[in-house]
Ligand code: ATP
């Protein structure tokens, strides 16, 4: 079939957010949680395609931060954690947001996110702000008493600090080196909002990079560059990404420098990742509270010191949403409107869709053979239903970069058509050369 993409219809639709949220629901990226019971307070479930994409976001981070480096090691610490950790880290006393109540409609808001007026009813009759702790508290064991209190971690970082010596002893790393972790975190946000931008349960991708104290400013700059480039490399357009340095009065008490990587969301610039020079605050705090020495001893020089820490802390779920917003587009192909996710192939849920031209039983066995060749190298979809044009549109809409079509000629010449998502360009490739062709295009 002939498919010529025309110029895109508009740069960014006004209701981009609504369109992306609809697409997420319609195509199985993200569902409101417990929907059959009317939903559950801004929690979300990742569907068949969202699970694949979120995994790809985390894998891309892991590849850049762990796999392709020799100075960063992995960790997977417990989510249920001891109160002592959070006492020492300062979270029990300081991890709070300012909470205000609207006296008129009784809605509750985070005071620093509204401008003195209730966003619900417009009333300026708000209570004084009071500190609200964001930690989720629970009980470990059958008895609900003070001695059994535990917390769901509100960040993954503390797992890296409390395991600092374990990692040092088992990996023989020396500063500068990092510990990386990807996993769920929980914050009892006062106003979860903007789809998965701010939720109470979310996933983080964090790395603590331990350095000699005098090298901290250099490594801070280094990680700002590295992290900024990561988003560009995966397809965030440069005009929608910026680095914003915190003002001195905005800095956390422990920080000697913080900058946020920000994305231009439909409501304005907002944070994707914070990169901070956390000094020796965390290791000193845990050393003081635990009585353990959390320091590095350099046998060669006889030097003993507490490393400084540079922390790039990103949100996986929030970043996935940014990738979706940046990739969403609408254009025209062959006079027909199409919705397209221009996702980097590394992030797309499926890299290849295998499509027999018709449901005719003679084409299905060969299609399955082709599928079997491609499945070991990437995630594939096999779609047998409806017209080929409709199936191309469906794959465009979920960002599948390549469709492989098997037609009646394929039975004779053992060749298939490879169609590229953005250009809709098609080339004929012998089945024997298909794996190499797809590997080459995907860079795998
Ligand atoms: P904010 O100011 O938006 O509340 P923060 O500065 O407290 O965020 P950090 O503690 O630096 O956030 O967490 C690192 C990253 O984790 C954030 O940049 C964000 O991507 C992600 N993150 C934090 N809180 C949430 C949340 N409630 N929902 C989704 N992602 C989150």
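Just checking the listed ones, 20, 117, 165: in the Gaussian network model of the chain with Cα springs under 10 Å, the one fluctuating most is 117. Classified by the C-alpha gyration tensor, region 350-442 has a rounded form. Its axis ratio a/c, with a ≥ b ≥ c, is below 1.5. Hey, what angle do you get for helix 216-233 against the long axis of the chain, alpha-carbon based, 0 to 90 degrees rounded to 10? In the chain, helix 216-233 runs at an angle near 20 degrees to the longest axis. Please check which bits of region 177-220 a label hung off residue 300 would reach, taking the label as a point 7 Å along Cα-to-C-beta and the cut-off as backbone N under 14 Å. Residues 177, 212 qualify, since their backbone N sits under 14 Å from the label point. I'd like the distance separating the alpha-carbon centroids of region 85-112 and region 6-79, in whole Å. One Cα centre to the other: 27 Å.
Using a cutoff of 8 angstrom between alpha carbon atoms and counting only pairs six or more residues apart, the relative contact order for region 350-442 works out to 29 percent. Apply the a/c threshold of 1.5 to the C-alpha gyration tensor of region 149-189 and tell me whether it is rounded, prolate or oblate. It comes out prolate by the Cα gyration axes.
By the helix-only formula, in which each DSSP H run with n ≥ 4 contributes -39500 (n - 2.57) and the sum is divided by residues, the chain has a 222 nm mean residue ellipticity of -8500 deg cm²/dmol.
Could you grab the relative contact order for the chain? Cα pairs under 8 Å, six or more apart, rounded to a whole percent. Don't skip to the answer; put the middle values down first.
Details: 807 pairs, mean separation 64.7, N = 444.
Answer for the chain is 15 percent.
Mind running the shape call on the chain? Use the C-alpha gyration tensor, a ≥ b ≥ c as the square roots of the eigenvalues: rounded below 1.5 for a/c, prolate if a/b tops b/c, oblate otherwise. Verdict is prolate for the chain.
Compared with the dominant Cα axis of the chain, that is its longest principal axis, helix 281-290 is turned about 60°.
Axis of helix 388-397 versus longest Cα principal axis of the chain: the two differ by about 10°, to the nearest ten degrees.
Largest GNM mean-square fluctuation across 385, 258, 405, computed for the chain with C-alpha springs under 10 Å, falls on 385. Packing, as the average of other Cβ atoms within 10 Å across residues, places the peptides 84-92, 426-434 in the order 84-92, 426-434, highest first.
If I stretch the segment between residue 18 and residue 37 completely, what's the gain in nm (0.36 nm per residue apart, minus their alpha carbon distance), one decimal?
Numbers: separation 19, 0.36 × 19 = 6.84 nm, distance 2.25 nm.
Length gained, residue 18 through residue 37: 4.6 nm.
Estimate the FRET efficiency between residue 364 and residue 413 by the formula 1/(1 + (r/R0)^6), using the beta-carbon distance for r and 22 Å for R0, to the nearest 0.05. It would help to have the intermediate numbers written out before the result.
Working: r = 18 Å, r/R0 = 0.82.
That gives a FRET efficiency of 0.75.
When the Gaussian network model of the chain links Cα atoms closer than 10 Å, the mean-square fluctuations of 63, 391, 103 top out at 103. Between region 261-282 and region 379-402, how many Å separate their Cα centres? Taking the Cα centre of region 379-402 as reference, the centre of region 261-282 is 36 Å away.
Got the relative contact order for region 1-155 handy, in percent, Cα pairs under 8 Å and 6 or more residues apart?
Numbers: 162 pairs, mean separation 22.8, N = 155.
That works out to 15 percent.
Bear in mind that the values in this text are calculations on the coordinates, not laboratory data. On a predicted model such as this, the values are computed, not experimentally measured, just so you know. Using ideal geometry, Cβ is built from the backbone for each residue, glycine included, and neighbour counts are taken over all protein chains shown.
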